[in-house]
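Single-structure report; data block below.
The values are calculated or read from the model by the stated rules, or taken from the named source; none is laboratory data. As the structure is a prediction and not an experimental result, all values here were calculated from the model. Using ideal geometry, Cβ is built from the backbone for each residue, glycine included, and neighbour counts are taken over all protein chains shown.
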Amino acid sequence: MLNVRVMETGEELLIPEVEPIESAQLFKSISDQVWAQRNPDSPLSFTRSLSVISPIEARDQINEAVGEIDEHFLIASDDEAFELGTPYPDAEEVIVTKADLKAPNTAALETYNWDDRRDLRWIDRDGERTAVEFTDGHSDYKRELSAKLWFQKDKAQMSTSYTIHRDQARQGSTTKLYLGLWHSDFAETGYEGHQLVNAEMTEEQELRVLEVMQKMGGIVLDR
């Protein structure tokens, strides 16, 4: 049980912790392992761990896992292109074919961590959405975990990211997978990449994606 205070009234309550499903537990364990490798003096909210399997092997294993969720997640095919628009007025449209994404030169895991900012939670109380703050020193986790691949084409650099978001208050539910594409032609515009595809996963589908991430990170866990 967690000790909380209702923000609006100051009333003290005890609320039950959300029981995590298996895929949420694996997500948190992998994120923890990647986060533990960061420089402790870094002020950044993310860290990166290079893949211990080759970029090509990582690509193939990712494709095998995500293709079962939605075929639009697949990269390295020959029959589709992503139209990214123009980085500035009068520029040519940037088009990336899936054939351009056949040969990644780097693979890595990235995790973002905002745990220290999560001292509030929304709960359902008598059918109403209610904001509460923790009073026992607890802080919810809020994380993002991505499998990333980098590519080079002529002078352009690109990366794809398969990303899962999770937070503690919703760790009892399934979640989505997102495919993003970053292209260096847009680097001066301050953008964070193009979101291309997203889909809700079953718990089994998330486990398969996470198992690939676990292999990429060389992460050994007791499960």
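Considering every residue within region 5-13, establish whether at least one is within 26 Å of S161 (Cα to Cα), without any contact (Cβ under 8 Å) to a residue 24 or more places away in the chain and exposed (fewer than 15 other Cβ atoms within 10 Å of the Cβ). Spell out the reasoning first.
Filtering region 5-13 for residues within 26 Å of S161 (Cα to Cα) gives none.
Within region 5-13 (the criterion being within 26 Å of S161 (Cα to Cα), without any contact (Cβ under 8 Å) to a residue 24 or more places away in the chain and exposed (fewer than 15 other Cβ atoms within 10 Å of the Cβ)), the answer is no, since none of the residues qualifies.
How many residues does region 106-137 hold that are surrounded by 15 or more Cβ atoms within 10 Å (Cβ to Cβ), closer than 20 Å to A36 by Cα and of a type outside the set (S, T, Y)?
Residues in region 106-137 being surrounded by 15 or more Cβ atoms within 10 Å (Cβ to Cβ), closer than 20 Å to A36 by Cα and of a type outside the set (S, T, Y): 8 in total.
Might you let me know whether region 189-209 holds any residue that is modelled with pLDDT under 95 and of a type in the set (D, E, K, R)?
At the first step, the residues of region 189-209 found to be modelled with pLDDT under 95 are 189-197.
If we keep only those that are of a type in the set (D, E, K, R) too, we end up with 192.
Looking for residues that are modelled with pLDDT under 95 and of a type in the set (D, E, K, R), one finds at least one in region 189-209, hence yes.
Filtering region 126-143 down to residues that are without any contact (Cβ under 8 Å) to a residue 60 or more places away in the chain and among the charged types (D, E, K, R), which residue is nearest to L2 (Cα to Cα)?
D140
Count, please, the residues in region 108-139 that happen to be in contact with a strand residue (DSSP E or B) (Cβ under 9 Å, 6 or more places away or on another chain) and either within 19 Å of L44 (Cα to Cα) or among the aromatic types (F, W, Y) (or both).
Total satisfying the criteria: 12.
Among the residues of region 157-188 satisfying the criterion of being assigned to a helix (DSSP H, G or I) and more than 30 Å from K28 (Cβ to Cβ), which is modelled with the lowest pLDDT? Show your work before the answer.
Here is the first cut: in region 157-188, the residues assigned to a helix (DSSP H, G or I) are 168-170, 184-188.
In the following step, the residues that additionally are more than 30 Å from K28 (Cβ to Cβ) were identified as 184-188.
Values: S184: 93, D185: 91, F186: 90, A187: 85, E188: 78.
Of everything passing the filter in region 157-188, E188 is modelled with the lowest pLDDT.
Please determine, by comparing only the residues of region 99-120 that are assigned to a strand (DSSP E or B) and closer than 18 Å to V212 by Cβ, which one is farthest from the chain's Cα centre (by Cα). Please lay out each step first, then the result.
Within region 99-120, the first condition is being assigned to a strand (DSSP E or B), and the residues that meet it are 106-113, 120.
Cutting the leftovers down to closer than 18 Å to V212 by Cβ gives us 106-111.
Values: T106: 18, A107: 15, A108: 12, L109: 9, E110: 8, T111: 7 Å.
Result: T106.
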